[in-house]
1. Can you tell me how region 237-327 classifies by the Cα gyration tensor, rounded, prolate or oblate, using a/c under 1.5 as the rounded cut?
2. Suppose we take every Cα in region 181-319 and form the convex hull; what volume per residue is that in Å³?
3. Using a probe of 1.4 angstrom, how much of the accessible area of the chain is carbon and sulfur, in percent?
4. Between LEU175, LEU141, SER187, whose Cα lies farthest towards the positive end of the dipole of the chain when Lys and Arg beta carbons carry +1 and Asp and Glu beta carbons carry -1, centred on the Cα centre?
5. Per the helix-only calculation at 222 nm, which mean residue ellipticity applies to the chain, given -39500 (n - 2.57) for every DSSP H run of n ≥ 4 and division by its residues, nearest 500 deg cm²/dmol?
6. Can you flag which of LYS245/LYS301; LYS216/LYS323; LYS80/LYS165; LYS115/LYS275 are past 32 Å Cα-Cα?
7. Solvent-accessible area per residue for region 8-151 at a 1.4 Å probe radius, Å²?
8. After finding the eigenvalues of the alpha carbon gyration tensor for region 92-166, what semi-axes result from the square roots of 5 times each, listed largest first in whole Å?
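The values are calculated or read from the model by the stated rules, or taken from the named source; none is laboratory data. Computed from a predicted model, the values in this text were never measured in an experiment. Neighbour counts are summed over all protein chains in view; Cβ atoms, including those assigned to glycine, are modelled from backbone coordinates with ideal geometry. The protein model used for the area step is the full one, side chains on, heavy atoms only, and it has no ligands, DNA or RNA in it. Shrake-Rupley method; radii C 1.70, N 1.55, O 1.52, S 1.80 Å.
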Amino acid sequence: MFKKTLLASAVLATLTAQAAQAETFQVGMGDPMESDQGALAQRFEELVESLSGGEMQVELFPGGQLGSETGMIQDTRIGKLDFALVGVGNLTPYAPRLGALTMPYAIRSHADAVKATTGTLADRWNSIAEEEAGVHIVSWLYSNFRYLTNSQRPVTTLEDIEGLKVRVPQNELMLSTYEAWGASPISMSWPEVFTGLQQGVIDGQDNPYIVNYTMKFHEVQDYLTEIHYQYSLQPIVMGMRTYEKLSDEERAIIDRAGLEAQLYALQFQLTEASKARAGMEAEGVEVSTLEDEEEWVRIAKEQVWPEFYDEIGGQEAFEEMQKALGH
């Protein structure tokens, strides 16, 4: 009995020492845990802890607990927060050349989204993020196209969107895009959106199916239109100040976990988006498609693209990206 007690005490002491030595990293995100952000974050957590043998622990803070996406980006840049999972559009104020990924109709399919965030293009975006924003891109979440919801009327043509008050992130390119189409876009931080819709401050917003459903926008929105102007890419970023303090082994674990979680999230998106659409329709949301989307494309290319070429690194760089995507 005495030997068993000693053995138990030794095991407990070892586990306690290991727990004390484990380094804990915090991940902030705007969406709830049951969202695709939550799916990516949970997989990332599992992988980091498994690959490190428990020496690296991850804590998740969903639902904007740590502030707005803009605030979380700033906190990662200064080393106050370890990781932030954010829409790429909220990262562009710090790294304007990443705006190429948000140009309307630049990405036109799931395949385009994967091509744009893997291989040489992924290396390019990460270099830009590190140089301009001071953050390292760990992983990419594929959240599908940003579909327009609103409380006023079905939107099936350009005429239908005229005058609609549509929430957009703090992103000039998205503001200009909606203005070019005749809407009245309003920049608003993510935590304020549901209340803004509920109170009628804004008529609508755009987000992928899973986000729309998990945020319960069907409670305050009656209509959804499948617009394919912007594929929602959401990176997990880590501030360079924090990343550079890690050992080579820790950085390798973080990057490998990010890549494997990214692949998992793509599969999650492909299987769960249709369920989210069905859920919204079951709640009474009327889903429409555009009758004249080529006209939306034409306006975007002629009016919006030229306005932002210089900001995103030049027309030539953007055309190179389009060529790499096969456009």
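1. oblate
2. Spelled out: Cα convex hull of region 181-319, divided by residues, is 173 Å³.
3. About 48 percent, which is the carbon plus sulfur part of the accessible surface.
4. So the residue we want is LEU141.
5. Calculated from helices alone, the mean residue ellipticity at 222 nm is -13500 deg cm²/dmol.
6. In this structure, LYS245/LYS301; LYS216/LYS323; LYS80/LYS165 exceed 32 Å between Cα atoms.
7. 36
8. 30, 15, 10
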